[in-house]
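Participant: Just dropping this structure here.
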Amino acid sequence: MEGIDYLRQFPLVDSEHEINRLLNEGKSVLCEGAQGTMLDVDFGSYPFVTSSNTICAGACTGLGIGPNRIGEVFGIIKAYCTRVGAGPFPTELFDETGQKMRDIGHEYGAVTGRERRCGWIDLVALRYAIMVSGVTQLIMMKSDVLDTFPTIRACTAYRLADGSVTRDFPYDISEGITPVYEELPGWQQPLTGITSEAEFPAELSAYIRFLEKELQTPITIVSVGPDREQTIVRS
């Protein structure tokens, strides 16, 4: 009952009218999506999905705004890959490397303590996510988790069960998928004290350039630690 009384202090509005009015006044509206692209009920890795649209188009159906009102689309990624629960994960690591990522990155559920599945970054899935959401800028988080790895791998394509290789995300990736990796040298130094892009190790800069070339999308923000002050905006 106390919760109900607290909620009563908020005014009730027709949110679709309110948001469109703000946009018409030239105001900025930031919409934060929930969950990840591959959990989208229509375009995710079905049946391991949620019950709603988690891609950028969900802003239209969820908020009542037209597609032409969407401006910049920020895609949030990690420097490696994680997944919670069941579902396809071609780059998943079941060895000490995967456990190391999990421990350094604190990849455990905040409430349940459930382990998150960890693996190398999957650029096939990421290209797909960028395409279906119209991502215009990428924000790369948790770069510091890879500080101690001498070699960093990135999946650039899938080898299918018939031996063919594809760079496109297939409709069904439940079995028979082998990731095709490209290896890059790690920076092997702590990033947490960095305050500007000028201080990036050459290997980190090379990794970012490699990702931007593969994804054809700029990485405009890089996180080098959990604190908000450890967020580097690239020029």
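The values are calculated or read from the model by the stated rules, or taken from the named source; none is laboratory data. Keep in mind the model is a prediction, meaning the values are calculated, not measured. No Cβ is skipped: glycine too gets one built from the backbone with ideal geometry, and neighbour counts run over all protein chains shown. Please note that ligands, DNA and RNA were not included when accessible areas were found on the heavy atoms of the full protein model with its side chains. Shrake-Rupley method; radii C 1.70, N 1.55, O 1.52, S 1.80 Å.
Participant: I'd like the GluC sites (Glu not before Pro) in the stretch 12-117 restricted to DSSP loop residues with at most 11 other Cβ atoms within 10 Å, sorted by number. Provide the component values of the computation, followed by the final result.
Facilitator: Working: sites: Glu16, Glu18, Glu25, Glu32, Glu72, Glu92, Glu96, Glu107, Glu115; in loops: Glu25, Glu32, Glu72, Glu107.
Passing both the DSSP loop test and the Cβ count: Glu25, Glu32, Glu72.
Participant: I'd like the accessible area for Arg21: 1.4 Å probe, protein heavy atoms, all chains in place, Å² to the nearest 10.
Facilitator: We get 100 Å² for Arg21.
Participant: A further question on this structure: Given springs between every Cα pair under 10 Å in a Gaussian network model of the chain, which of Pro90, Pro67, Pro190 has the largest fluctuation?
Facilitator: Pro67
Participant: Round to the nearest 10 and give me the degree value, 0 to 90, for the angle of helix 15-24's Cα axis relative to the longest principal axis of the chain.
Facilitator: Between helix and principal axis, roughly 80 degrees.
Participant: Roughly speaking, what is the stretch gain from Ala157 to Val84, that is 0.36 nm per residue apart minus the C-alpha to C-alpha distance, in nm to one decimal? Display every interim value, and only then the final one.
Facilitator: Values: separation 73, 0.36 × 73 = 26.28 nm, distance 2.24 nm.
Taking Ala157 through Val84 to full extension adds about 24.0 nm, to one decimal.
Participant: Between Val111 and Leu22, what is the spin-label point distance in nm, taking each point 7 Å from the Cα along the Cα→C-beta axis?
Facilitator: Modelled inter-label distance: 2.6 nm.
Participant: Continuing with the same structure: Kindly express, to the nearest 10 degrees and within the range 0 to 90, the angle between helix 202-215's C-alpha long axis and the longest C-alpha principal axis of the chain.
Facilitator: Helix 202-215 sits at roughly 60 degrees to that axis.
Participant: Between Tyr171 and Cys31, how many nm apart are label points set 7 Å from Cα along the C-beta direction?
Facilitator: 2.8 nm
Participant: Out of the stretch 153-235, which chymotrypsin sites (Phe, Trp or Tyr not before Pro) are coil in DSSP terms and have no more than 10 other C-beta atoms within 10 Å?
Facilitator: Working: sites: Tyr158, Tyr171, Tyr181, Trp187, Tyr207, Phe210; in loops: Tyr171, Trp187.
Here the sparse-neighbourhood loop sites are Tyr171.
Participant: Find out how many positive minus negative residues lie around Tyr46, taking Lys and Arg as positive, Asp and Glu as negative, among other residues whose Cβ is under 11 Å from that of Tyr46. All intermediate terms of the calculation are to be shown ahead of the outcome.
Facilitator: Values: positive: none; negative: Asp40, Asp42, Asp172.
Value of the local net charge: -3.
Participant: Tell me, in nm to one decimal, what length is gained between Arg234 and Gln9 on full extension, where the rule is 0.36 nm per residue of separation less the Cα-Cα distance?
Facilitator: The span from Arg234 to Gln9 would gain 76.9 nm if fully extended.
Participant: Rounded, prolate or oblate: pick one for the chain, where a ≥ b ≥ c are the square roots of the eigenvalues of its C-alpha gyration tensor, a/c under 1.5 means rounded, and failing that, prolate if a/b is larger than b/c, else oblate. Please report the intermediate quantities before stating the final value.
Facilitator: Details: a/c = 1.63, a/b = 1.39, b/c = 1.17.
Prolate, because a/c is 1.5 or more and a/b exceeds b/c.
Participant: May I pose another question? Starting from 0.36 nm per residue, how many nanometres of slack lie between Thr61 and Glu203 once their C-alpha separation is accounted for?
Facilitator: On the way: separation 142, 0.36 × 142 = 51.12 nm, distance 4.14 nm.
Full-extension gain reported as 47.0 nm.
Participant: Would you look at the GNM of the chain, springs on alpha carbons closer than 10 Å, and say which of Ser196, Ser143, Ser164 moves the most?
Facilitator: Comparing Ser196, Ser143, Ser164 in the GNM, the peak value goes to Ser164.
Participant: Compute the angle between helix 123-133 and the longest alpha-carbon principal axis of the chain, please, reported from 0 to 90 degrees and rounded to the nearest 10.
Facilitator: Its long axis makes an angle of about 20 degrees.
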